[in-house]
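Just so it is clear, none of the values below were taken in a lab; they were calculated from the coordinates. No experiment lies behind these values; they were computed from the predicted model shown. Neighbour counts run over all protein chains shown; Cβ positions are idealised from the backbone, glycine included.
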Amino acid sequence: MKFKDFDELMRLVRGKSNRIVVPGAHNPEALEAIKIADEDGLISGGILIGDTAMIKTLAAQAGLDLKKFELVDCRDAAETCRLAVSFIKEGRGDFLVKGQVDSSLYLKAILNHEARLVEPGATLSHFVLFQTAHYHKLFVVSDAAILIAPDLEHKRKIIQNSVNVMRVLGVDQPKVSVVCPVEKVNPKIQSTIDAAELSKMSQDGRIRNAVVEGPYDIYISLSRKLADEKGVKGGVVPGEVDIMLLPDLDAANAVYKSITFFAEGLKSAALVVGADVPVILPSRTDPPQTKAHSIALASFMKDQKQVAA
């Protein structure tokens, strides 16, 4: 099953049974997003963990009816995250949504080997799905939140994580651009050396089910016309890119936030991928609608996993 835009995604998941688990739910932005998701029919209930008195106050301010939700009082951030993961493992929730807890504690709880949410050797990475008025299809930017300075093997895993998700979303062989500041391999620019090797990996099977090309800059990645003007011939990725791998967190986070701030007709959703369940890691500054779209994307991922099983 494939959806062409976020409106179609919302139609596909509306009315599904989805229970969210929110560590640090005493957060106005998280509760506003939950209210939007609830009104859109994206969730059927869940567990809100944190300072319950504050949750009740903030929920009332947001206009969120708490009848569908179980409240668990916990004031310790690390324990809040541990509880959230345990509820998922017990089948009491379908996916995680981060509230007012530190991201490092949230990810540490997910990565805890006793939780068994992440396969040995797997790497978690951040996956942002964008829709804008100036590009003809949905596209992904990664990794904008987790891996600070990924080496070649980390980049391979980031690409494979993103490819695996895009295949669930209906793109059988995603086209991947390894984004660099220039379009030629330069021995002084490590990202270009990595790009050439990652391209080889997609050809010899070390990266599966994808076409990886690069080094390309962002212009080349997004426009066949600009690729031609820059003398980049051949290749199937320019102007048809599905996934853009950025060199490191400095670059990816800046691109992610620039698109979010400036892009016309923007809609987006963000997940942490690489775990056995969908994980939502919203930024405090993400619009509530982005958080609701992230819940919708997590719902779609959960449903497709159940169908595959």
**OP:** Can you tell me which of 158-165, 144-151 comes out highest on packing, and rank the rest after it, using the mean Cβ neighbours within 10 Å?
**Re:** 158-165, 144-151
Original post:
Tally Lys and Arg at +1 and Asp and Glu at -1 over the other residues with C-beta under 15 Å from the C-beta of Phe6: what net charge comes out?
Top reply: +1
Original post:
Tell me, what is the percent relative contact order of segment 1-129, built from C-alpha pairs under 8 Å that lie six or more residues apart?
Top reply: 28 percent
**OP:** Divide, for the chain, the radius of gyration over alpha carbons by 2.2 N^0.38 Å, where N is the residue count.
**Re:** 1.00
Original post:
Cα-based Rg of segment 24-167 per 2.2 N^0.38 Å, rounded to two decimals?
Top reply: 1.17
Subject >> Isotropically averaged projected area of segment 144-189, using the convex hull of Cα atoms (one quarter of hull area), nm² >> reply: 4.2 nm²
**OP:** Step through the residues of segment 167-184 one at a time and calculate ³J(HN,Hα) from phi using the Karplus curve (6.51 cos²θ - 1.76 cosθ + 1.60, θ = phi - 60°), rounding each to whole Hz and writing x for Gly and Pro.
**Re:** 5, 5, 7, x, 9, 5, 9, x, 9, 10, 10, 8, 7, 9, x, 9, 9, 10
**OP:** Could you state the angle between the C-alpha long axis of helix 288-308 and the longest principal axis of the C-alpha atoms of the chain, as a value from 0 to 90 degrees rounded to the nearest 10?
**Re:** 80 degrees
Subject >> Alpha-carbon gyration tensor eigenvalues x 5, square-rooted, for segment 1-107, Å >> reply: 23, 16, 12
Original post:
What Kirkwood hydrodynamic radius, in Å, does segment 127-272 give when the mean of 1/r is taken over all pairs of distinct Cα atoms and then inverted?
Top reply: 15.0 Å
**OP:** For Leu64, list long-range residues whose amide hydrogen, built 1.01 Å from N in the peptide plane, is under 5 Å from its own amide hydrogen.
**Re:** none
Original post:
Any idea how far apart Ser44 and His113 come out in nm if each label point goes 7 Å out from Cα toward Cβ?
Top reply: 3.6 nm
Original post:
Where nothing but the Cβ of Lys and Arg (+1) and of Asp and Glu (-1) is charged, how large is the charge dipole of the chain around its Cα centre, in debye to the nearest 20?
Top reply: 480 debye
**OP:** Sort 40-48, 221-229 for me by packing, meaning the mean count of neighbouring Cβ atoms within 10 Å per residue, highest on top.
**Re:** 40-48, 221-229
**OP:** State the antiparallel share, in %, of DSSP beta bridges confined to segment 127-272, rounding to the nearest 5.
**Re:** 45 percent
